[in-house]
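Any read-out appearing in this document is the output of simple, stated calculations on the displayed coordinates, not a laboratory observation. Values in this document were obtained by computation on a predicted structure and should not be read as measured data. Ideal geometry is used to build each Cβ from the backbone, glycine not excepted, and the neighbour counts take in all protein chains shown.
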Amino acid sequence: MYTLSAFSIKHFLAENWQRKPCVLHNALPNFEDPLDEHDLAGLAQEQDIDSRVISQMDGDWKVTEGPFTEFEDVCKGAWTLLVQGVDTHIESASLLMNAFNFIPHWRMDDLLVSYSQPGAGVGAHIDQYDVFIVQGKGTRRWQVGDKSMKYAKYYPHPKLQQIDEFEPIIDVELLPGDILYIPPGFPHKGQSITECMNYSVGFRAPDQTELFQAIADDLLDSDKLTRRFIDRNRTYIDRPSAISPKDIMLLKQLLQQYVTNTQIDQVLTQHLSKQNEYLDAFPLETPLPSSYILALINQGVTLQLACGVRPVYLDYQVDDEFIFFINGHKFSTSATARLETSRLLDNHQTFIKFNAEMTHDWIELIRELINLGYLEIVEED
């Protein structure tokens, strides 16, 4: 388990989150890497895992995308191996993500893990998302620049965008357990001093296009919007080609009636639950029967969320059912089971034991989540 130490969440959210970068020295005391470079290389050989090697030799940059069958030909010069979505494959990496659960699940993206040789990096660049960079083994120098300046972008390789060098406002060498937080838009550059492991906890922020696309996709699959334009107070006009400001206002109001309708809340929640392409459910080969699940719950059982699973639900629900989503998939139970269900969704591990409020339908929901691979039974030692 990874727990942030000597760190005020309230102060960070008020002073730094999406505002200014900061360094958290020894925020994870006695840090132990959740995996090593050999584990990372193994993941990079998998077909369905996004990986790449970025190298620089004699001033030339090279980007090679995985999966890899061998590394000798691509790992030359000062090189870095990067693998996306490691939290969905390695349980200890998923636990590292949990240290940042003071930011809601729907804002989390994935864990990018990198292994670098001395002198390696990916060059100065700017990201449009928040990121916590956790230093694993080794030492790495990080520089962060001023967001307010303009920086020219260029491509030393077709798959690698960089910016011109910048004057740093932060210049620091990170040791194991140190964390660097960088908000969107701040230029930064990292270069390994020794061979090292880095863990980038990335976040996402949907733009307007993405949100409207989610709404449009939902509308195409339903008949929710049938209300038509009404203009009973139409007045005489002498320019038939002109659309009046009043007509535009009425059309906007027609759209706003949907946007402000509570029906859209669950549409957005479902979309925001879609994590990324790295998360796949791994259903049990032999589904567990209801009788087995009931027996476990009767005697008491600890359940945990599977690697990378981050459920989301609306904090306010007034209907007779409690709805939640996992990676775009909808699940529901009775409103009376809200407390017990949200306890399962909000915590990595939860001990449950049968009580009078646990209905047959709720136990069937637990069975479904286990059989789908979203919940796991923790075996006692």
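Annotations for the structure displayed:
- Counted charge near residue 135, where neighbours are those whose Cβ lies closer than 14 Å (Asp, Glu -1; Lys, Arg +1): -2
- Its convex hull of Cα atoms gives the stretch 208-264 a direction-averaged projected area, equal to a quarter of the hull surface, of 5.3 nm².
- Computed over the alpha carbons of the stretch 9-203, Rg followed by Dmax gives 16.0, 48 Å.
- Near residue 234, once Lys and Arg are set to +1 and Asp and Glu to -1 for all other residues with Cβ below 15 Å from its Cβ, the sum equals +1.
- Where the alpha-carbon atoms of the stretch 208-321 are placed on the principal axes, they occupy 79, 33, 23 Å, in descending order.
- Residue list for the stretch 330-351, given a label point 7 angstrom along the Cα-to-Cβ vector of residue 299 and an amide N cut-off under 20 Å: 350-351
- For the chain: relative contact order, % (alpha-carbon pairs under 8 angstrom, 6 or more apart): 16 percent
- Annotation: peptides 5-18, 165-178, ranked by per-residue average of other Cβ atoms within 10 Å with the highest first, follow the order 165-178, 5-18.
- Length, then width, then depth: along the principal axes, the Cα atoms of the chain run 75, 72, 43 Å.
- Length gained when the stretch residue 91-residue 346 is fully extended (0.36 nm per residue, less Cα-Cα span): 90.1 nm
- Candidates 271, 360, 125: whichever shows maximal mean-square fluctuation once the chain is modelled as a Gaussian network with Cα springs under 10 Å: 360
- With both labels modelled 7 Å from their Cα along Cα-to-Cβ, the residue 320 to residue 172 distance reads 5.4 nm.
- Calculated P(r) of the stretch 290-377 - Cα pairs past 22 Å, %: 18 percent
- Charge dipole (the chain, unit charges on Cβ, about Cα centre) - positive-most of 254, 114, 214: 254
- Couplings 3J(HN,Hα) of the stretch 239-252, computed from phi: 10, x, 7, 8, 9, 7, x, 5, 5, 4, 4, 5, 5, 5 Hz, in residue order, whole Hz [Karplus 6.51 cos²θ - 1.76 cosθ + 1.60, θ = phi - 60°; x for Gly and Pro].
- 5 Å binning of all Cα-Cα separations within the stretch 116-166, expressed as whole percents from 0 upward: 4, 14, 25, 25, 20, 10, 2
- Each peptide in 98-110, 126-138 was scored by the mean count of other Cβ atoms within 10 Å over its residues; highest first, the order is 126-138, 98-110.
- Among 362-368, 204-210, the peptide with the highest mean count of other Cβ atoms within 10 Å heads the list, and the full ranking is 362-368, 204-210.
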